[in-house]
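Asker: I have a structure here, written as structure tokens, and I will follow up with some questions on it.
What follows draws every value from the coordinates through simple rules; no lab data is involved. Since we're looking at a predicted model, the values are computed, not measured. When we count neighbours, we look across all protein chains shown, and the Cβ atoms used for this are built from the backbone with ideal geometry, even at glycine.
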Amino acid sequence: MQLYGIELTSRLLLGSARYPSPAMLADAVRASGTEVVTVSLRRESGGQRSGQGFWSLIRDLGVRVLPNTAGCHSAKEAVTTARMARDIFQTPWIKLEVIGDADTLQPDAFGLVEAAAELCADGFQVFPYTTDDLVVADRLLQAGCRVLMPWGAPIGSGRGLNNPFGLRTLRAHFPDVPLIIDAGIGRPSHAVEAMELGFDGVLLNTAVALAGDPVAMAAAFARAVEAGRAGFEAQPMAPRDLAEPSTPVAGKAWLA
Ligand SMILES: CC(=O)[C@@H](O)[C@H](O)COP(=O)(O)O
């Protein structure tokens, strides 16, 4: 898939938070085959020593960094954080999060569109973390976003796809826009479902970081994303309400 002109082989994007150890994070990233890892600026700048060590670890993995504005609750805060991220990580990419509700971490659609418009005008390549709302998606595209990241479910919930109908509708409305499911994925089967719906990729963090065996889970997600995509491309049959025999029933068996 192509994101802002960058060709990626893997359709799995991985978060870098909540792993039991930095070594486990590194092993999970390798096992996932991902080429894009999202990094929170707050974490990176949280403490000089941990920040430096963390940054070298990510750099040594040879992946593309997608800085994010996690923890921002207003457009202003997100824009400021994005500009700091661009200076630190030297990339125009930004995963834009503007949180509107503390319980669900639901994006603030108004603040998101406002921040996206300002950042796109400033030359950023914005990956907005949004809901499955069609109108908000359209506004984000008008603001200059060329990739959308609708949620599957609230961040860290592991619930999977809360609203498959809304996501299917979004996919149908924007067939040519790269759409990445971001957040709420809990199991490999959720990733398969997202990919079978025709989404271009999946971004997840908690499901791998909090798994009993994060490295094995990262590998499982890699296979799930590939299987889901292969299933989508192979054009699944339409479901039916009634049974249809899969073996021919014309004529009767001849019994002596
Ligand atoms: C790391 C990151 O960016 C998360 O905020 C992202 O949205 C993934 O969410 P999950 O942890 O639910 O996979």
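Asker: Can you list residues from other chains, or at least 5 along the same chain, whose modelled amide H is less than 5 Å from the amide H of Leu3?
Answerer: Under 5 Å from the amide H of Leu3: Leu8.
Asker: Starting at the first residue of region 145-154, write each ³J(HN,Hα) from the Karplus equation 6.51 cos²θ - 1.76 cosθ + 1.60 with θ = phi - 60°, in whole Hz, x for Gly and Pro.
Answerer: 5, 10, 9, 10, 10, x, 6, x, 7, x
Asker: Hey, how many Å between the Cα centroid of region 84-116 and the Cα centroid of region 203-234?
Answerer: 25
Asker: If you build the convex hull over the alpha carbons only and average its shadow over all orientations, what do you get for region 113-245? Give it in nm² to one decimal.
Answerer: 9.8
Asker: Cut-off is 10 Å between beta-carbons; in what order do Ser10, Ser16, Ser56 appear when sorted fewest neighbours first?
Answerer: Ser56, Ser10, Ser16
Asker: Between Phe174 and Leu57, 0.36 nm times their residue separation minus their Cα-Cα distance comes to what?
Answerer: Value of the extension gain: 38.5 nm.
Asker: Among DSSP beta bridges lying fully in the chain, give the percent that are antiparallel, nearest 5.
Answerer: Bridges in the chain are about 10 percent antiparallel.
Asker: So what are the chain's ellipsoid semi-axes, whole angstrom, largest first, if each one is the square root of 5 times an eigenvalue of the alpha-carbon gyration tensor?
Answerer: Semi-axes (√(5λ), whole Å): 36, 22, 15.
Asker: How much length is gained if the chain between Met1 and Ala102 is pulled fully straight, taking 0.36 nm per residue apart and subtracting their Cα-Cα distance, in nm to one decimal?
Answerer: Here the answer is 33.1 nm.
Asker: Still on this structure, I have one more. Which of the DSSP-defined H helices in the chain satisfy a minimum axial length of 24 Å, computed from C-alpha atoms, and a minimum mean Kyte-Doolittle hydropathy of -0.5?
Answerer: 214-233
Asker: Continuing with this model, one more query. Would you mind calculating the relative contact order of the chain from Cα pairs under 8 angstrom and at least 6 residues apart, reporting the percent as a whole number?
Answerer: In percent, rounded to a whole number, it is 19.
Asker: Kindly put Arg240, Arg146 in sequence by how many other C-beta atoms sit within 10 Å of each C-beta, fewest to most.
Answerer: Arg240, Arg146
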